[in-house]
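Nothing in this text is a laboratory measurement; each read-out follows from the coordinates by a stated rule. Here the structure is a predicted model, which means the values were calculated and not measured. Positions of Cβ are backbone-derived with ideal geometry, glycine not excepted, and every protein chain shown enters the neighbour counts.
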Amino acid sequence: MRTGIQWRGTIAAKATRRWFTWGWNPNVHVTWYLMSNTARKGAPQLDWDVAVERANANQCTYWITVKNLTNKTVHFEGRYAILS
């Protein structure tokens, strides 16, 4: 397994934004997750959804929609794990 940070982002209070990352090998299993860099106790800060586009025979694009569940700006990392 290989892990990494694909991007760092900031999302405003109660906002929803979409990021994309392209050129991924469609033959590997990639999992996407987010990690907040803004400390806040007591409740979740972020929610996300992942969609995939098969751009061509050799590449795919992941579209990650991020929702800030808080009333404050959140700084975060878009992380991945390649499982195969």
Checklist entry - Once amide H atoms are placed 1.01 Å from N in the peptide plane, what residues at a sequence separation of 5 or more from residue 45, or on another chain, have their amide H within under 5 Å of its amide H? => result none
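Fewest first, what order do 76, 20 take by the number of other Cβ atoms within 10 Å? Show your work: numbers first, answer last.
Numbers: 76 20, 20 12.
Ascending Cβ contact count within 10 Å gives the list 20, 76.
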Next on the checklist: Spelling out what I want: for every residue of region 21-33, take phi, set θ = phi - 60°, compute 6.51 cos²θ - 1.76 cosθ + 1.60 (Karplus), and round to whole Hz; glycine and proline get x.
Outcome noted: 9, 10, x, 7, 5, x, 8, 10, 9, 10, 10, 10, 8
Checklist entry - In the set (i) 1.30; (ii) 1.01; (iii) 0.95, which value of Rg/Rh (Cα atoms, Kirkwood Rh) was calculated from the structure you see? => result (ii)
Item to check | ³J(HN,Hα) computed for each position of region 62-76 - Karplus, 6.51 cos²θ - 1.76 cosθ + 1.60, integer Hz, glycine/proline x | outcome: 9, 10, 10, 9, 10, 10, 8, 8, 10, 9, 9, 5, 10, 9, 8
